[in-house]
Amino acid sequence: MRIALYARVSTKDKGQDYENQLRDLREFVTRKASDGWVLGAEYVDKASGKSSDRPSFKRLFEDASRKEFDLVLFWSLDRFSREGVLETLQHLQRLSSYGVEWFSYREEYLRSVGVFKEAVLAILAAIAKQERIRLSERVQAGLSRARSQGKVLGRPRAAVRPERVLRLRERGLSIRKIATETGVSAMTVQRIVAAHG
């Protein structure tokens with residue numbers, strides 16, 4: 001089994017070196033050699049884990065899609081991704097969709113190999129669902145608060161009187177000309193014309 005290593009340190013982690021993670025991961029692969037584990041590529045990022053826009057992280061997924069390795073071994077889940085449960089789950093599921101397993105060195109229960117694979121994914125999916133619900137609740141609470149403070153939400157109303165649009169239309173101007181003349185979009189002009197027959 002070809003093993004890819006992924007290590008990451010944050011740009012804010014002063015004095016931290018990803019070599020510490022790699023040393024542990026390499027030793028672990030060596031110990032698992034009797035199970036057929038063979039060290040393959042190493043992917044290293046020195047970047048925040050709050051975004052998937054990391055050079056080695058992207059390359060890891062490109063190589064995974066070409067099945068250049070069988071398993072990704074990372075030091076801990078927060079070294080792999082800190083984007084939130086939903087996004088992290090999607091990354092792990094993407095690896096699985098490529099036929100690539102994943103394994104957290106520090107968190108024995110977080111791995112896609114073994115008897116608990118489905119349980120781990122189910123738990124992560126449940127946490128991700130709760131995270132989506134909480135996000136939706138926070139958005140709704142924010143909108144409700146804005147409304148209670150008298151803020152007008154949604155797209156601004158067209159700054160043109162329908163009577164003016166209709167008069168210009170009666171004079172034979174095209175929708176586009178009326179839009180130019182009144183300073184609103186052609187769609188707005190069309191809506192006004194349609195609403196007034």
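The values are calculated or read from the model by the stated rules, or taken from the named source; none is laboratory data. Please read these numbers as outputs of a predicted model, since none were measured by experiment. Cβ placement follows ideal geometry from the backbone for every residue including glycine, while neighbour counts extend to all protein chains displayed. SASA here: full protein model, heavy atoms, side chains in, ligands and nucleic acids out. Shrake-Rupley method; radii C 1.70, N 1.55, O 1.52, S 1.80 Å.
Worth pointing out:
- Tally, over the range 56-94, of residues that are among the acidic types (D, E) and under 26 Å from A126 (Cα atoms): 3
- Which listed residue is of a type outside the set (A, V, I, L, M) and either over 22 Å from F28 (Cα atoms) or touching a helix residue (DSSP H, G or I) at 6+ places or on another chain (Cβ under 6 Å) (or both), from S65, S96, S76: S65
- Scanning the range 103-115 for residues that are hydrophobic (A, V, I, L, M, F, W, C), open to solvent by 40 Å² or more (accessible area, probe 1.4 Å) and in contact with a Phe, Trp or Tyr (Cβ under 8 Å, 6 or more places away or on another chain) returns a single hit, V113.
- Pairs linking a residue in the range 4-20 that is over 27 Å from K67 (Cα atoms) to a residue that is open to solvent by less than 70 Å² (accessible area, probe 1.4 Å) and modelled with pLDDT of 85 or more, with Cβ atoms under 8 Å and 6 or more positions apart or on different chains, are Q16/V9; D17/V9.
- The listed residue being over 21 Å from the mean Cα position of the chain (by Cα), modelled with pLDDT of 90 or more, within 19 Å of A7 (Cβ to Cβ) and among the aromatic types (F, W, Y), out of F28, F57, F61: F28
- A count restricted to the range 67-97 and to residues that are in a loop (DSSP other than H, G, I, E, B), open to solvent by 40 Å² or more (accessible area, probe 1.4 Å) and over 17 Å from K32 (Cα atoms) stands at 4.
- The numbered conditions (1) under 30 Å from R59 (Cα atoms); (2) surrounded by fewer than 16 Cβ atoms within 10 Å (Cβ to Cβ); (3) at pLDDT 85 or above are all true for V100 except (2).
- Counting only helices (runs of 4 or more DSSP H) that sit wholly inside the range 111-182, those with at least 2 residues that are under 32 Å from the mean Cα position of the chain (by Cα), aliphatic (A, V, I, L, M) and at pLDDT below 85 are 117-148.
- Long-range neighbours under 6 Å by Cβ, at least six apart or interchain, first residue free of Cβ contacts under 8 Å to residues at least 40 places away in the same chain and among the charged types (D, E, K, R) within the range 77-100, second surrounded by fewer than 19 Cβ atoms within 10 Å (Cβ to Cβ) and in a loop (DSSP other than H, G, I, E, B): R82/K50; E83/K50
- The range 180-192, subset hydrophobic (A, V, I, L, M, F, W, C) and farther than 12 Å from R164 by Cβ, residue surrounded by the most Cβ atoms within 10 Å (Cβ to Cβ): A186
- Yes/no for E62 being in a loop (DSSP other than H, G, I, E, B), open to solvent by 20 Å² or more (accessible area, probe 1.4 Å) and either on the phi < 0 side of the Ramachandran plot or touching a strand residue (DSSP E or B) at 6+ places or on another chain (Cβ under 6 Å) (or both): no
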